[in-house]
Amino acid sequence: MLATIQKPWDILPRWLQIILGRLVLVVPQMFGVLLVTFFLIRLLPGDPAVLLLGNMATPEAVAQLRDRLGLNHSIWVQFADYVRHIFQGDLGISIFTSNPVTVDLLDRAPATLELIGYALVLMVVVAIALAIASVVWRGGFIDLFARVYGLAAGAIPDFWIGLLLIFFFYSVLGWAAPPFGRLDAILSPPPYVTGFYTIDSLLAGSLETFRSSVGRLILPVITVAVVNAGALMKMTHSVFSGVWRSEFVQHGRASGLSEAQLVRMALRNSLPPIITIVGFITGFLLGSAVLVETIFSWGGLGQYAVQAVINSDYPALQGFILVAAVFVLLVYLAVDILYELADPRIRT
């Protein structure tokens, strides 16, 4: 019998096949994001030139500034210039900060990624632990708490949770750090390595900076995690409870496996849908952190986007949406890879 001839594509690891397959779709997806974003942003009320010069500016001064900003050209000419500059690595100059948008985004991105990164870890741990406990000890106090929390979490706005945490833990009890930025005012940021103050301060050996950065993270991280953990907990509860009542778990219990072994086995078989919802929430966190960053004066991408909308800062807002789109695409790519690692029988 002749041996089956494998194609070069089949020799590649599956995770690499997924990455290469998704790269084919990245170009049309990003072009669609650029096109839609560019035209929708132009529908925002307000003239950047008038906002910069003030309402008392003369029509001649406004016209000169609009011409300098390229706003007097046709919309298609503006879009063509924008795309051409993107291919050159230039996202434009922020009208509000007067800095290159790329510089602003690189300066603010670590703050947002640090916030949503720690919030995501806390959210996953709390949600999965509550879901498993409520299924294993059905009818107990944890089950009742999980049901009430699952109903309330999606109905409570994140800014309200944040304000309550600030009021009780900072204003009343005095336990939390003040909600003003990522570090105490008397401290300097650690030397830039990752952009995460918690990590960079440890690398620099500055325990005081590390304690300050952790203290400033606690309330915003809890705010983001509490609001978004409810959806993950309910999905995990639904999937895990079905697996927990399945015949193979009952067979494992009859075979003498411990409860901890049964939980690990059931959780492993519940992972694919859990990974999917975690990926979806991760992409959502970048936008949902906007109000949280504003409340805690965090100085991240969300606060930058709000300022861009208020000031009709077209380059800054376009740059933020472009970064958000790339972030979401990378998250979904990671989800596809983890999906197959969790269950190799699934072909994404």
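Observations, loosely collected:
- Test: residue in the stretch 197-209 that is under 20 Å from the mean Cα position of the chain (by Cα), assigned by the TED database to the domain that holds LYS234 and open to solvent by 60 Å² or more (accessible area, probe 1.4 Å): yes
- Residue count, the stretch 144-155 (criterion: hydrophobic (A, V, I, L, M, F, W, C), within 16 Å of MET123 (Cα to Cα) and within 21 Å of the chain's Cα centre (by Cα)): 1
- Summed over the stretch 129-152, residues that are in contact with an Asp or Glu (Cβ under 8 Å, 6 or more places away or on another chain) and either of a type outside the set (A, V, I, L, M, F, W, C) or surrounded by fewer than 13 Cβ atoms within 10 Å (Cβ to Cβ) (or both) total 2.
- Every residue from the stretch 302-314 that is outside any helix (DSSP H, G or I) and surrounded by fewer than 19 Cβ atoms within 10 Å (Cβ to Cβ): ASN311
- Restricting attention to the stretch 287-297, the residues that are of a type outside the set (Asp, Glu) and open to solvent by less than 10 Å² (accessible area, probe 1.4 Å) total 3.
- Any chance LEU120 is at pLDDT 85 or above, closer than 29 Å to VAL227 by Cβ, surrounded by fewer than 17 Cβ atoms within 10 Å (Cβ to Cβ) and within 31 Å of the chain's Cα centre (by Cα): no
- Residue in the stretch 99-114 that is in contact with a Phe, Trp or Tyr (Cβ under 8 Å, 6 or more places away or on another chain), under 30 Å from SER270 (Cα atoms) and open to solvent by 60 Å² or more (accessible area, probe 1.4 Å) present: yes
- In this entry, VAL226 passes the filter for residues that are open to solvent by 50 Å² or more (accessible area, probe 1.4 Å), hydrophobic (A, V, I, L, M, F, W, C) and in contact (Cβ under 8 Å) with a residue 60 or more places away in the chain.
- Matching entry among ILE166, ILE156, ILE161, ILE132 (being of a type in the set (A, V, I, L, M, F, W, C), in a loop (DSSP other than H, G, I, E, B) and assigned by the TED database to the domain that holds SER312): ILE156
- Filtered by the rule that a residue be more than 19 Å from ILE41 (Cα to Cα), of a type in the set (Asp, Glu) and either without any contact (Cβ under 8 Å) to a residue 40 or more places away in the chain or in a loop (DSSP other than H, G, I, E, B) (or both), the stretch 67-116 gives a lone residue, ASP107.
- Test: residue in the stretch 279-286 that is of a type in the set (Val, Ile, Thr), at pLDDT 85 or above and surrounded by fewer than 19 Cβ atoms within 10 Å (Cβ to Cβ): no
- Hits in the stretch 75-84 (condition: open to solvent by 60 Å² or more (accessible area, probe 1.4 Å) and of a type outside the set (A, V, I, L, M, F, W, C)): ARG84
- Test: residue in the stretch 315-325 that is among the aromatic types (Phe, Trp, Tyr), under 26 Å from LEU219 (Cα atoms), surrounded by fewer than 18 Cβ atoms within 10 Å (Cβ to Cβ) and touching a residue at least 24 places away in the same chain (Cβ under 8 Å): no
- Residues within the stretch 153-191 that are touching a residue at least 40 places away in the same chain (Cβ under 8 Å) and either open to solvent by less than 40 Å² (accessible area, probe 1.4 Å) or over 27 Å from LYS234 (Cα atoms) (or both), tallied: 14
- Just one residue in the set VAL101, VAL36 is touching a strand residue (DSSP E or B) at 6+ places or on another chain (Cβ under 9 Å), at pLDDT 80 or above and not polar (S, T, N, Q); that residue is VAL101.
The values are calculated or read from the model by the stated rules, or taken from the named source; none is laboratory data. The structure presented is a predicted model; accordingly, all values stated were derived computationally and were not measured. Heads up, the Cβs are rebuilt from the backbone with ideal geometry, glycines too, and the neighbour counts pull from every protein chain shown. All accessible areas refer to the heavy atoms of the entire protein, side chains included, with ligands and DNA or RNA removed. Shrake-Rupley method; radii C 1.70, N 1.55, O 1.52, S 1.80 Å.
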